[in-house]
Amino acid sequence: MNVLLFCENKYALDILYPIYKEACKTGNKVIWYIHSTKISDFDWKDEVKWTSSMQDCYDYNPSVIYVPGNIVPYYLPGVKIQVFHGYAAEKKDHWIIRRYFDLYLTQGPYFTEHFNRLALKYGDFEVKETGWTKQDWIKSHIHDFDEERNFLLKENNCNEIILYAPTFSPKLTSLPTIKSALKDMINKRKRTLLIIKLHPLTKVEWVKEYQDFALNNNRIKFIDDNNVTKYQLISDIMISDTSSTVYEFLLLNKPVITLKTIAKDIYWTNITNPQLLSEAIEKALVDKDAIEKRKWIVKNYDPHLDGECCKRMLNEAKKYIARYGIPKKRKLNLWRRYTSIKTFGKIKKIKV
């Protein structure tokens with residue numbers, strides 16, 4: 001197959017890389033689309049074939065396009081597949097059907113059930129449960145950072161690592177209100193190392209504020225790279241708000257504390273007052289009810305921890321093509337077509 005990995009935003013890179021590795025391993029051709037305005041620094045630019053040209057994407061004539069975002073140009077050939085950018089079911093846009101996709105590859109039973117109902121309603125896409133790409137990466141790298149973790153603990157005379165990984169959305173993020181509570185927590189927990197990992201789309205002024213915050217304390221480290229999963233693996237506890245990283249951390253069977261999450265169903269410790277942060281951390285470490293809730297998350301949100309999610313994703317694409325062939329384009333209403341062209345521009349179609 002001709003595989004196109006569609007990266008409109010930075011967060012898509014780590015999501016799609018496991019598919020890239022599996023696709024190459026099984027003999028498929030692969031090209032990445034990298035949005036040049038939103039992704040200025042592509043870490044694998046010398047390792048993989050990639051383009052920032054939508055015309056190149058069209059001329060490549062993809063058999064299948066994997067997309068973690070919400071939109072993909074309707075005029076590109078190939079099976080257009082939604083692979084999602086996380087587990088945040090409480091965010092409204094997670095369930096919006098924009099009609100760009102032929103196939104939705106869900107993470108676990110909770111999502112499969114919901115999208116199957118939507119598939120019956122709309123009637124123009126299919127749903128298959130495969131698990132999520134990042135679980136494959138975790139399976140392969142689960143112990144790769146043990147040495148780095150031990151070094152950080154020893155270097156800073158600490159015995160635990162807490163990760164702060166908030167969302168970027170101005171309406172949902174804890175960034176404006178939690179800084180003093182983080183400082184208080186560090187002062188009380190004398191052997192805690194705090195790692196701050198912000199979302200790639202976080203406002204520049206908040207990034208600068210928290211970079212400065214980290215400079216004033218040896219036990220606070222500000223991390224500036226895209227691989228949040230690495231820091232989830234080396235951390236013992238995570239602090240967040242309304243972010244899909246909450247579910248990723250729970251799937252590692254580790255405790256989470258959120259500040260003012262909008263989630264209706266809460267499977268972790270949530271606080272509404274940032275000054276309760278230190279107390280919440282103490283409780284989360286021994287809360288038996290929270291441990292049972294984490295088990296529910298694993299069973300329902302993503303039980304596919306066998307390292308073969310990407311293999312299933314490629315197989316489902318092949319099965320779809322066997323059933324229907326490779327679509328020349330996606331049929332859309334005038335508004336969606338306009339949005340697609342406005343976002344990604346026009347292309348010159350090949351004359352047959």
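The values are calculated or read from the model by the stated rules, or taken from the named source; none is laboratory data. What you are looking at is a predicted structure, and each value in this text was computed from that prediction instead of being measured. Please note: Cβ atoms are built from the backbone with ideal geometry, for glycine as well, and neighbour counts cover all protein chains shown.
Could you grab me the full set of residues in the stretch 316-347 that are aliphatic (A, V, I, L, M) and touching a Phe, Trp or Tyr at 6+ places or on another chain (Cβ under 6 Å)?
Residues satisfying the conditions are L332, I347.
Are there any strands (runs of 3 or more DSSP E) wholly within the stretch 1-89 with 3 or more residues that are not aliphatic (A, V, I, L, M), and if so which? Reasoning before the result, please.
Working: elements: 2-7, 29-34, 64-67, 79-82.
Correct list: 2-7, 29-34.
Which residue is surrounded by the fewest Cβ atoms within 10 Å (Cβ to Cβ), if the candidates are limited to the stretch 33-47 and must be closer than 19 Å to I65 by Cα and among the hydroxyl-bearing types (S, T, Y)?
S36
May I ask you to list the residues in the stretch 231-253 that are under 17 Å from G86 (Cβ atoms) and in contact with an Asp or Glu (Cβ under 7 Å, 6 or more places away or on another chain)?
Q232, T242, L251
Looking at this structure, is K329 basic (K, R), closer than 30 Å to A23 by Cα and surrounded by fewer than 16 Cβ atoms within 10 Å (Cβ to Cβ)?
yes
I need every pair where a residue in the stretch 20-42 that is over 17 Å from P200 (Cβ atoms) has its Cβ under 9 Å from the Cβ of a residue that is surrounded by fewer than 16 Cβ atoms within 10 Å (Cβ to Cβ) and among the aromatic types (F, W, Y), sequence separation at least 6 or different chains.
From the stretch 20-42, the pairs are Y20/W44.
Out of all the residues in the stretch 83-96, is one or more closer than 24 Å to K10 by Cβ and at pLDDT 95 or above? Give the steps one after another, and end with the answer.
As a first pass, look at the stretch 83-96 and keep what is closer than 24 Å to K10 by Cβ: 83-96.
The next check asks that each one be at pLDDT 95 or above; those that pass are 83.
Yes, the stretch 83-96 contains a residue that is closer than 24 Å to K10 by Cβ and at pLDDT 95 or above.
Go through (1) buried (at least 16 other Cβ atoms within 10 Å of the Cβ); (2) in contact with a strand residue (DSSP E or B) (Cβ under 9 Å, 6 or more places away or on another chain); (3) among the polar types (S, T, N, Q) one by one and return the number of the condition Q135 breaks.
Here Q135 clears every test but (2).
Considering only the stretch 263-280, state which residues are surrounded by 16 or more Cβ atoms within 10 Å (Cβ to Cβ), farther than 22 Å from I138 by Cα and not polar (S, T, N, Q). If you could, list the steps in order and put the result at the bottom.
Filtering the stretch 263-280 for residues surrounded by 16 or more Cβ atoms within 10 Å (Cβ to Cβ) gives 263, 267-271, 274, 277-278, 280.
Those still in the list that are farther than 22 Å from I138 by Cα too: 263, 269-271, 274, 277-278, 280.
Scanning the stretch 263-280 gives A263, I271, P274, L277, A280.
Pick out the one residue from N157, N150 that is free of Cβ contacts under 8 Å to residues at least 60 places away in the same chain and at positive phi.
Values: N150 fails: at positive phi.
After applying the criteria, what remains is N157.
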